[in-house]
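Shown next, in structure tokens, is the structure this report addresses.
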Amino acid sequence: MKKNIRQALTGLQATETSQGLPIPGRDMVENNAGGFVFKLDEWKQLERFLILGSEGGTFYVSEKKLSADNANKVLLLLKKDGVKVVEKTVEILKSGRAPKPDVAIFVLALAASKGDDATRKAALAAVPSALKTGTHLLKFVDSVNGLRGWGRGLKKAIQLWFKGRKNETLALQLVKYKQREGWSMKDVLRLAKPVPETEVQGKLFGWTAKNEKAEWAKAPVAPGDKALDFVWATEQAAQLKLVAEQADTAEAKAILAEANQASVKKLVDLIVTYRLPREALPTEALNKVEVWEALLQEMPMTAMIRNLGTMSKIGLLKPLSDAEKLVFQRLTDAERLRGAKVHPIQVLSALRTYSSGRGVRSAASWNVSTKVVEALDEAFELSFGAVEPAGTRHLLGLDVSGSMSGGEIAGVPGLSPSAATAALAVVAARTEPWTAIMGFADSFRNLGITAKDRVDVATRKVSGLTFGSTDASLPMTWALQNKIQVDTFVVMTDNETWAGNIQPVQALEKYRQATGIGAKLIVVGMTSTGFTIADPDDAGMLDVVGFDGATPALMAKFAKGEI
Ligand code: CA
């Protein structure tokens, strides 16, 4: 309706405006490439920032500037409606929609420090539940410490983080995340000073603070409480240091090896009995296949996904082994993935690294299990959750212009925005049976990507593709010229379009008028800038965020006309 009124008033819909100019009468802004686009709604920009972050910057903007720009916009929004900022941030943290929680944690700290009374209160009230793990808590403490003082409100929020957890959960967090970001749990306890409400809580705090009364943790016998027994077992494991098996004689070597073997056996017993995680073990123990075999049984999904290379290297994850079967079953278990809130980017990152057979940051190499690679490929798709397809005709246009090769999505090595679009396109094509995948820069062409491609292979198909300038109107003009019937155009881009003689929204309008199809446009934003090619006044256009866990479901709903 809004659009009809505007068109009646201005009669601008049929005109063609070069992308280097704003459409007359419309409020447009210049993007970083010198093209004119729409300004993204400020709440949508917050969403992009919370999900995509600013890590690695973009082709045009450095990480530092992108972070500063976004942080300034957050401050403005905090003034405007701080409580709403907190609500959006907490939703992102709780749903696990973002590849990394870091930006949301930073925004929560900002709200807890720079917001008005109601905002600060809302942010602090969210601390115990929105910060799920000890890492999250320590990251929050690191951010908030530089922004405000340690007043009563902050102390109380953090006290509740410790006191509101079940003893066993708390014990696990204290052991697993002893220190992060230059902060230790001991530091945080010292600053927040929670008063224990139960004897067990008191003992856990005391052990973390390393006070002398914690001798129970080093006693020869377990204390007989599940949470305390767990901590006790980590102390037992810490004693079982393995020695280097180096000696002058074969006999002496054999003795050392035997001693180590006995320690490994004890460690395995502790892991199995008390469910000790990797973080509780002496470093040298992580070279032993028996230790990894024991760890794997109860290993959380995200840890398993991160350690696939290590488990192959160590010789546990071999073709046709029990371990391989277990890993395969877990990775392809939709419910398990959902329960563990595994983010698609974690899976994609693991798939790219694991299938390459070598570590990104280390010299480690391993024999690749093809079953694990297959499972990761399936897990990638499953990690977006079940999506009911719209069944409409989709034309996907992937921006493969030069600017899309700059920056890294969520800090994943080598995962440029254009590579990321290829992964998203494969998922979209597997979801929607009638999908064509094409790419654009200064021309529109077939990229050779299909729904059957393994996602990591698809990401490699676009790397190294550079064909010059950027014209995001090409999907629509190409479809019109070639008489292609499209219900839903999906353009995955950084919105830095500049080279066309017609604005993307005008090309869409022209397509609609010429074909009589009320075609929709979904813009998948791949960088956290404030630009979009979608007309905010047109209900037939939607902005979504690339690598938001919720994106495929949103796209299908929109294509179906449900939103
Ligand atoms: Ca570009």
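The values are calculated or read from the model by the stated rules, or taken from the named source; none is laboratory data. Everything numeric in this text was worked out from a predicted model, so none of it was measured. Note: ideal-geometry Cβ built from the backbone for every residue, glycine included; neighbour counts use all protein chains shown. Just so you know, the surface numbers come from the protein's heavy atoms only, side chains and all, with ligands and any DNA or RNA stripped out. Shrake-Rupley method; radii C 1.70, N 1.55, O 1.52, S 1.80 Å.
At a glance:
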read-out	value
Count of region 223-270 residues which are at pLDDT below 95, not in a helix (DSSP H, G or I) and not small (Gly, Ala, Ser)	8
Verdict on GLU388 being part of a loop (DSSP other than H, G, I, E, B), among the charged types (D, E, K, R), more than 16 Å from the ligand (Cβ to nearest atom) and surrounded by fewer than 24 Cβ atoms within 10 Å (Cβ to Cβ)	yes
Given (1) open to solvent by less than 10 Å² (accessible area, probe 1.4 Å); (2) within 14 Å of the ligand (Cβ to nearest atom), number of the condition PHE531 does not satisfy	(1)
So THR273, is it within 30 Å of THR169 (Cβ to Cβ), within 35 Å of the chain's Cα centre (by Cα) and open to solvent by 30 Å² or more (accessible area, probe 1.4 Å)	yes
GLY359, sole failed condition from (1) buried (at least 21 other Cβ atoms within 10 Å of the Cβ); (2) more than 26 Å from SER95 (Cα to Cα); (3) modelled with pLDDT under 95	(1)
Cβ pairs under 6 Å, 6+ apart, first in region 145-169 and part of a helix (DSSP H, G or I), second surrounded by 14 or more Cβ atoms within 10 Å (Cβ to Cβ) and small (Gly, Ala, Ser)	LYS155/ALA192; ILE158/ALA192; GLN159/ALA192; ASN167/ALA227; GLU168/ALA227
Total residues in region 206-222, condition within 16 Å of ALA171 (Cβ to Cβ), part of a loop (DSSP other than H, G, I, E, B) and free of Cβ contacts under 8 Å to residues at least 12 places away in the same chain	1
Every residue from region 470-482 that is touching a Ser or Thr at 6+ places or on another chain (Cβ under 7 Å) and either modelled with pLDDT under 95 or among the β-branched types (Val, Ile, Thr) (or both)	THR470
Selection from region 230-243 of residues that are over 15 Å from GLN201 (Cβ atoms) and either crowded, with 20+ Cβ neighbours inside 10 Å or in contact (Cβ under 8 Å) with a residue 12 or more places away in the chain (or both)	TRP232, ALA233, THR234, GLU235, GLN236, ALA237, ALA238, LEU240, LYS241, LEU242, VAL243
Unmet criterion (only one of (1) outside the structural domain of HIS136 (by TED's automatic domain parsing); (2) under 34 Å from the mean Cα position of the chain (by Cα)) for LYS193	(1)
Among (1) under 25 Å from the mean Cα position of the chain (by Cα); (2) assigned to a helix (DSSP H, G or I) - the single one THR529 does not satisfy	(2)
Total residues in region 287-341, condition farther than 29 Å from GLU91 by Cβ, part of a helix (DSSP H, G or I) and of a type in the set (D, E, K, R)	7
So ILE522, is it in contact with a Leu (Cβ under 6 Å, 6 or more places away or on another chain) and open to solvent by 10 Å² or more (accessible area, probe 1.4 Å)	no
